[in-house]
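Structure first, then comments.
Nothing in this text is a laboratory measurement; each read-out follows from the coordinates by a stated rule. These numbers come from a predicted model, not from an experiment. When we count neighbours, we look across all protein chains shown, and the Cβ atoms used for this are built from the backbone with ideal geometry, even at glycine.
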Amino acid sequence: MKTHGSRRWYGWSLAGFLLVLVAALGAQAEPPAYKLPGRKPDSKEPWSAFLGKAAHLAIGRQYSVQHPDNAVFLDTFNLSNIVELGKLGNPKRLSEFVRLLRPDITDTVALVLFEIKPDNEEGRKEGRVQAGRYLAALNEAVEPDKKLAGGTGFAGSLFLEFENGGALWQLSWRTPEPGVTLYRWNYRREKPHASWKERAAQKEEELPREEAEQRGEMAEQALRAAYERGEWPSGFHGQVYLPVDCH
């Protein structure tokens, strides 16, 4: 009996050790990019699209810049806020299951809505579903003459230059179908003694992983500073070229 008990204890100990080992190996195997700033913990985006937070910030701010006289609500406002503050109707008509949902861009003057997603087929499908859900919920609560639709024609591009002539990043976006705005990041290699416009004309490449890992958080902070006219992030020695500079 004593021997049997010892074996059973050994079996449980071995199982526990293996469980800890597997967990440790799994943690080491997880790509570092999945823990970087700008990603949600449960994000399913590939590493090359982890700058989603920065893209949402820039694209939303750019829409507001282009429509200064409109009432534009970005993703800090939920559907209940939008209906009430946008004077669209009665927010109490929204069910409790949808009133806290937050569309990426809602313009209550133009009566349009946009959902921002990575520029791939999965992002496009997800954007279509989410935009449709938001529109259906809003249009149940708004007045008959204030029905919303998916926005169209919203596109643009901006550049981030690092180290005053170093790597050049580009964020571009398009709206291929009503209500769905898709974004992508790409990259231009360093080219000494060339202007940023000359390098912008170079062949675009996929954003290298090491670049994304090294500069992801700084890129978001730089974009926020550019749009909000705040302080530039510590260690940023470059420029942000907004769409107005790219024409």
Which listed residue (Leu168, Leu111, Ala136) has the Cα farthest towards the positive end of the charge dipole for the range 106-182, taking +1 on Lys and Arg C-beta and -1 on Asp and Glu C-beta about the Cα centre? Ala136
For Gly238, other-chain or 5+-apart residues with amide H closer than 5 Å (H placed, Pro excluded) are Glu163, Asn164
Once you list every other residue whose beta carbon is under 9 Å from the beta carbon of Asn186, what net charge do they have if Lys and Arg are +1 and Asp and Glu are -1? -1
Could you give me D for the range 168-247, from Stokes-Einstein at 25 °C and 0.890 mPa s, where the hydrodynamic radius is the Kirkwood radius over C-alpha pairs? Units µm² s⁻¹, please. 173
Filter Lys92/Lys146; Lys125/Lys147; Lys125/Lys191 down to the pairs with a C-alpha to C-alpha distance above 27 Å, please. Lys125/Lys191
Can you compute 3J(HN,Hα) from phi for each residue in the range 81-91, using the Karplus curve 6.51 cos²θ - 1.76 cosθ + 1.60 with θ = phi - 60°, rounded to whole Hz and x for Gly and Pro? 4, 4, 5, 6, 6, x, 6, 9, x, 9, x
If you average the C-alpha positions of the range 103-130 and of the range 184-247 separately, how far apart do those two centres end up, in angstrom? 24
Treating only the Cβ atoms of Lys and Arg (+1) and Asp and Glu (-1) as charged, compute the dipole magnitude of the range 120-247 about its Cα centre; round to the nearest 20 debye. 360
